[in-house]
Amino acid sequence: MDTIFALASAPGKSGVAVIRVSGSRACDVCRDLTGLLPDPRVASLRVIKDRDGNRLDEGLVIRFPKNHSFTGEDVVEFQVHGSTASVSAILRELARVDGLRAAEPGEFTRRALENGRLDLAQVEGLADLIEAETEAQRRQALRVLSGDLGKRAEIWRRDLIRAAALLEATIDFADEDVPVDVRPEVQELLKKTRSSLSREAKGVESAERVRTGFEVAILGAPNTGKSTLLNTLAGRDAAITSEVAGTTRDVIEVRMDLGGLPVTLLDTAGLRETTDRVENMGIARARDRANLADLRVFLKETGDSELPQGIECRKGDIVLLAKADLQDDSCDAISGLTGYGVEELVARITEELSERAGSTVVATRERHRIALENTIRALDAATEQLELGEDRSDIAAEELRSGVRSLDALVGRVDVENILDEIFSSFCIGK
C-alpha cells in the first residue's frame, strides 16, 4: 500500500497538532525530517527540517512499529505546534516525498480493518465515538469499540460450528455403528445461542436510539403553552409564542442532553379542527411526528377528558394539565411560563428514556439487527430439520453454516464491501 499522511487533529489554531504518517515509508520519512528514528512508543523531542535543511518546527515524534500501531503498519506521529502555518509547512514537505500521498477520509481506520486491528463493528463504534455528544453515547460507543460485539459473535459462531461439526460427524459415519445420538447436545447449543441472539436483536432499537437520539413530542390543543414549555426547556426562544391560536404551523426541533441521553424535543402545531389549509398541513405533520416519537407529552386544558382525536396514549407517555399558574389544583400540572413542574417533567422524561436505554446489548445498528435475525432464522430452520429426524442432519448442518456466514457478515469477515464506502465516508481525514 501507499504510505499516507494527514493531520489527525482538528484543523485550525491549537496548542498542539498531530500529523500521522502510516505505511512502509513512515520510518524513512521520520529519518529524513528529524535525522533519527526514535525508539518505539517513546516520545522524543526533535527538530523537524525540510530536505534543504530549513527548520520547519520542533515537536515530539512517536514511532509505532508494524503490528503494534493503530493501522497495523509502521506509523510515525509528529506532535507539533498547532499554528496553521506550521502544520501547512510540514504537510507540504510530506507531499514532496516520493511514495507518500495525502490520506483519504477514514483511510487510517480502513487500513486498521484490512490489517485485522479492528473488526467492522469496532469501526462503527469508533465512528460513533467520534460523533458522540452525550455521556450515554460515549459509553455505548466505547463498548462497541472495545470489541464486545465481536467477542459475543465469536462465542455464537463457535457454538454453531460445534453443532454443525457434531451433525457432520453423524453424516460421515452414517454407515457405521455410532452409538451416541448427538441431537440433544446440538439442540441445547441451538437453544442457548438463539436465546442470546434474540436478546441482542431485541435491544438494537433502544441502542440505536441512544446512538441517533430519542424524540419527545409536545402535543395539545392550540394555546395550551406548548411553545412556551419548549422555550423553557431549551433555555432560549426557539419557538414563537403568542396568544393567537395556530401560531405554530411547522414542527420545531430542539436538541438537548437529558441525563446523558441525546433528546430532540418537538414543538408541534395545536391539534384542532380548522378550515385553514396551511394550519391543517401543520396539524398533519404534528400527528405524523407524534406517531413516530419515542415519547409524547400531552398538555390538556381543564375539563378535557380525552386526548386529541387520532392520538392514543402509549406506555410511558406523560399527560399534564397545562398552565398550572392559572389552575386552582396544580396536581399533575405544569407551566412553561413560571417554570412550575418543569424540573419534575425533565426528571420523568429522563427516567423513562434511561430505562429504555438501560440495555446491555452492543448491537447498535440496523445492519447488526438484520445479521442477527438472519442467524436466528437459520437456527430455527436447523431446529425444524432436526425435529424431522436424523436423516435431515445434512440439511440442518447446511442451515447452521448459513447462520455462521451471517455472523461473519456482522463483524465484517464476509459480504461487506458494499457498505464500507458508506461507513468510511462519515470519517474525517486523519482518522
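Bear in mind these aren't lab numbers, they're just calculated from the coordinates by the rules spelled out. If you're wondering where the values come from, they're calculated on a predicted model, not measured in any experiment. Don't worry about glycine lacking a Cβ; one is built from the backbone with ideal geometry, like all the others, and counts go over all protein chains shown.
For the reader, a short list of remarks on this structure follows.
- Burial order of peptide ranges 222-234, 130-142 (average beta-carbon count within 10 Å, highest first): 222-234, 130-142
- Binned Cα-Cα distances of segment 22-162, short to long, each 5 Å bin given as a whole percent: 2, 9, 14, 16, 16, 14, 11, 8, 4, 3, 1, 1, 0
- Three-way shape label, the chain, alpha-carbon gyration tensor, a/c 1.5: oblate
- Going from the residue with the fewest nearby Cβ atoms within 10 Å to the one with the most, D181, D267 rank D181, D267.
- Net charge dipole size for the chain [Lys, Arg +1 and Asp, Glu -1 on Cβ; Debye, nearest 20]: 1700 debye
- Only Lys, Arg (+1) and Asp, Glu (-1) charged, at Cβ; segment 3-114 dipole about Cα centre in debye: 100 debye
- Residue-wise HN-Hα couplings along segment 372-382, as the Karplus relation 6.51 cos²θ - 1.76 cosθ + 1.60 with θ = phi - 60° gives them from phi, are 5, 5, 4, 5, 4, 4, 5, 5, 5, 5, 5 Hz; Gly and Pro carry x.
- Evaluated with a Cβ-only charge set (Lys, Arg +1; Asp, Glu -1), segment 92-163 carries a dipole of roughly 320 debye about its Cα centre, given to the nearest 20.
- Distances between placed amide hydrogens fall under 5 Å for V319 paired with F298, all partners being 5 or more residues away or on another chain.
- Ordering R96, R287, R348 from the fewest to the most neighbouring beta carbons within 10 Å gives R96, R348, R287.
- Scanning residues 5 or more positions from G220 or on other chains, those with amide H under 5 Å from its amide H are L271, L299, with H placed 1.01 Å from N in the peptide plane.
- GNM on the chain, alpha-carbon springs under 10 angstrom: the most fluctuating residue among A201, A165, A371 is A165.
- Among the listed pairs K151/K315; K202/K431; K151/K202, those beyond 24 Å (Cα-Cα): K151/K315; K202/K431
- For the chain, the residue among A127, G341, V216 whose Cα projects farthest onto the positive side of the dipole built from Cβ charges is A127.
- Between D39, D257, D394, the Gaussian network model of the chain with springs among Cα atoms under 10 angstrom shows the greatest mean-square fluctuation at D39.
- Under a Gaussian network description of the chain, with springs only between Cα atoms under 10 Å, the residue in R46, R356, R209 that fluctuates furthest is R46.
- For F5, F64, the sequence from fewest to most other C-beta atoms within 10 Å is F64, F5.
- Rounded, prolate or oblate (a/c below 1.5 giving rounded, otherwise prolate when a/b exceeds b/c) for segment 1-51 by Cα gyration tensor: oblate
- In order along segment 24-30, the phi-based Karplus estimate (6.51 cos²θ - 1.76 cosθ + 1.60, θ = phi - 60°) of 3J(HN,Hα) comes to 5, 9, 4, 5, 4, 4, 4 Hz; Gly and Pro are listed as x.
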